[in-house]
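Some notes on the structure that comes next.
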Amino acid sequence: MESGSNISSRVITQAEDLFNRFGYSKTTADEIARSAGISKRTLYKYFEGKQDVLEKMVEEKMHYLKHEIRQVLEEPVVFPEKLRKVISLVVQNLSRVSRHFLEDLRRNVPETWQKLSDFRKEMVEIYYTRILDEGIAAGHFKPGINRGVAVLVMLSAMEHIINPSTMVTLPSDLAESIPANSEVLFDEMIRIIYEGILAGDPVF
């Protein structure tokens, strides 16, 4: 007989796939149950409903990412490698979430959306700041760099990944040139942040 934990895990996995493909609002509890290969009655044995599935999915993802980032921070590796690993973790997780799903949450499930926003701030303000301080101490950043501005830049980059609605401020031709894939977009943002946009020697 299949364990309850296996059933719950499968439900969350299938729900995540449906949410990303069709959005939270357009996915029903019936569809989640059918995709997971169980009856709706069984689904309600382990979850209170569709929103409960969503909340448990989000909690599971946040817990996993926190755990993985903390492990990387404790590794005895040099700053550039540590930064690369943390960014890779964030990108890998963000790339699995479709932008239209995030926009759906922002509009229709504000409580869960707020949890994601708070988590994003925590990742940047706590974990990124710690890595930044290690990089400054090891001499990997220019002398006199403003820590607050550096964190603000990273926070802004994360905001544009997690909150697609911010893109509407751009002219349509520029908005269309932005990669739809979260992983590609975040990678390009990081490259510009750390390599700059000017060719040759700095002019400032």
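The values are calculated or read from the model by the stated rules, or taken from the named source; none is laboratory data. Just so it is clear, the structure is predicted and the values come from calculations on it, not from any experiment. No Cβ is skipped: glycine too gets one built from the backbone with ideal geometry, and neighbour counts run over all protein chains shown.
Quick rundown of the values:
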| item | result |
| --- | --- |
| Identity of the residue in the range 96-109, over 11 Å from the mean Cα position of the chain (by Cα) and assigned to a helix (DSSP H, G or I), that ends up modelled with the lowest pLDDT | 100 |
| Within the range 65-75, tally of residues that are over 17 Å from residue 16 (Cβ atoms) and surrounded by 13 or more Cβ atoms within 10 Å (Cβ to Cβ) | 5 |
| Single residue of the range 43-60 satisfying the filter (under 15 Å from residue 14 (Cβ atoms) and buried (at least 16 other Cβ atoms within 10 Å of the Cβ)) that is nearest to the chain's Cα centre (by Cα) | 57 |
| Verdict on residue 168 being assigned to a helix (DSSP H, G or I), at pLDDT below 80 and touching a Ser or Thr at 6+ places or on another chain (Cβ under 6 Å) | no |
| Selection from the range 110-128 of residues that are modelled with pLDDT of 80 or more and either surrounded by 15 or more Cβ atoms within 10 Å (Cβ to Cβ) or in contact with a Pro (Cβ under 6 Å, 6 or more places away or on another chain) (or both) | 112, 113, 115, 116, 117, 119 |
| Filtered residues of the range 15-37 (kept if more than 24 Å from the chain's Cα centre (by Cα) and within 19 Å of residue 111 (Cβ to Cβ)) | 29 |
| Filter result for residue 190 (of a type outside the set (Gly, Ala, Ser), surrounded by 10 or more Cβ atoms within 10 Å (Cβ to Cβ) and at pLDDT below 80) | yes |
| So residue 78, is it buried (at least 17 other Cβ atoms within 10 Å of the Cβ), farther than 20 Å from residue 157 by Cα, aliphatic (A, V, I, L, M) and more than 12 Å from the chain's Cα centre (by Cα) | no |
| Some residue of the range 87-109 being polar (S, T, N, Q) and loosely packed, with under 13 Cβ neighbours inside 10 Å | yes |
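Each row is one residue, and each column tells you yes or no for (1) free of Cβ contacts under 8 Å to residues at least 40 places away in the same chain; (2) polar (S, T, N, Q); (3) over 30 Å from residue 137 (Cα atoms).
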residue	(1), (2), (3)
9	yes, yes, yes
37	yes, no, yes
42	yes, yes, yes
58	no, no, yes
71	yes, yes, no
76	yes, no, no
92	no, yes, no
